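Since the structure comes first, as structure tokens, the remarks are kept for the end.
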Amino acid sequence: MLKTLREYIKEAEQKGVAIGHFNISNLEGLHGIYNGAKKLSTEIGELVPVIIGVSEGEEKFAGLEMVYDMVHSIRDEHDYPIFLNADHHSSFESVKACIDEGFDMVIFDGAKLSLDENIKITKQCVDYAHEVIKNTGRDILVEAELGFIGSGSDIKEVIPEGAGILTTPVDAKNFVDATGIDLFAPSVGSIHGLIKSGKPHINADLVREIAEITNVPLVLHGGSGLRDEDFTNAIKAGISIVHINSELRLAYRDEVEKAIDQNPNEITPAKLLTPAVEAIESIVYNRLKLFNNITP
């Protein structure tokens with residue numbers, strides 16, 4: 001029987017590794033992520049857990065029920081530790097809908113709100129999740145964030161104005177204590193999207209301080225484009241989950257464009273999209289190796 005996501009996160013903490021979180025908006029993305037995780041699991045002889053994320057936009061495109069069915073069919077049919085997260089949801093209502101659908105994890109994103117409003121709605125999400133846990137026996141994790149690291153999974157020329165303000169340990173502790181969240185996403189140097197001018201280094205010392213003072217698992221958002229050593233240092237300092245999205249989107253787009261350019265008369269989707277699936281698989285495989293401290 002598979003462990004819960006909460007148990008896998010605790011295990012990752014004990015091992016000093018991190019769980020990879022990858023977003024999807026279609027079936028091809030899911031196939032690529034699962035194939036990459038399964039490939040690594042087969043090589044090391046141990047199941048490597050993975051989290052599938054859907055933002056509100058991705059969820060709207062793919063369909064809430066459809067996303068749930070796709071992810072859980074893999075878990076149920078293959079007995080694989082693949083979990084589903086409502087990534088960056090901006091209202092209690094959208095979080096509630098995902099909890100009711102059966103998601104394993106939800107993220108309320110109140111980074112643009114006032115601190116009081118962020119705490120208020122985050123606590124509302126936590127209280128509802130606890131109510132569902134009590135009534136159903138399901139295990140549901142609630143994550144929230146403090147500090148602004150920009151928005152949008154896209155390619156940016158430079159770091160957006162106002163992004164990159166780091167979360168202080170004191171503010172982190174006060175926020176976690178006030179909300180009762182299971183997971184915390186601080187601003188520690190990463191920025192959402194890909195930055196042409198280069199991303200700043202992760203402040204590993206700050207990660208360590210926040211991990212120690214909050215005593216909850218930490219999540220690193222905006223992982224695409226970071227240097228390998230930033231991931232490694234952040235994980236050693238206390239990051240338990242790492243988000244990757246923009247890298248997958250860019251690879252998908254590039255491979256589809258290349259396939260169409262090289263095969264202008266081809267109209268079979270399976271043939272045009274297979275290279276994109278394989279590109280996603282390769283990225284996920286290599287990222288999971290890094291996050292799990294697996295050397296060649």
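The values are calculated or read from the model by the stated rules, or taken from the named source; none is laboratory data. All values reported here derive from a predicted model rather than from experimental measurement. Cβ atoms come from the backbone with ideal geometry, glycine included; neighbour counts cover every protein chain shown.
The table for this structure:
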{"quantity": "Single unsatisfied condition, residue 230 versus (1) farther than 21 Å from residue 37 by Cβ; (2) at pLDDT 95 or above", "calculated": "(2)"}
{"quantity": "Of all residues in segment 77-93 being farther than 21 Å from residue 245 by Cα and acidic (Asp, Glu), the one that is farthest from the chain's Cα centre (by Cα)", "calculated": "77"}
{"quantity": "Residue pairs meeting the criteria (Cβ under 7 Å; at least 6 apart or on separate chains; first under 18 Å from residue 34 (Cα atoms), in segment 285-296; second assigned to a loop (DSSP other than H, G, I, E, B))", "calculated": "288/48; 291/17; 291/18; 292/17; 292/48"}
{"quantity": "Some residue of segment 105-122 being more than 30 Å from residue 39 (Cα to Cα), free of Cβ contacts under 8 Å to residues at least 40 places away in the same chain, crowded, with 17+ Cβ neighbours inside 10 Å and in contact with a Cys (Cβ under 7 Å, 6 or more places away or on another chain)", "calculated": "yes"}
{"quantity": "Of residues in segment 123-149 being assigned to a loop (DSSP other than H, G, I, E, B) and hydrophobic (A, V, I, L, M, F, W, C), the one surrounded by the most Cβ atoms within 10 Å (Cβ to Cβ)", "calculated": "149"}
{"quantity": "Candidate set: segment 258-272, residues that are within 29 Å of the chain's Cα centre (by Cα) and of a type in the set (D, E, K, R); chosen: the one nearest to residue 29 (Cα to Cα)", "calculated": "271"}
{"quantity": "Pair list, Cβ under 7 Å, 6 or more apart: segment 213-238 residue within 19 Å of residue 108 (Cα to Cα), other residue among the hydroxyl-bearing types (Ser, Thr, Tyr) and part of a loop (DSSP other than H, G, I, E, B)", "calculated": "220/190; 221/190; 222/190; 223/190"}
{"quantity": "Residues being surrounded by 22 or more Cβ atoms within 10 Å (Cβ to Cβ) and closer than 21 Å to residue 272 by Cβ - total across segment 1-29", "calculated": "2"}
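The rows are residues; the columns are (1) out of contact with any helix residue (DSSP H, G or I) (no Cβ under 8 Å at 6 or more places or on another chain); (2) modelled with pLDDT of 75 or more.
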position	(1), (2)
164	yes, no
176	no, yes
185	yes, yes
188	no, yes
198	yes, no
206	no, yes
221	yes, yes
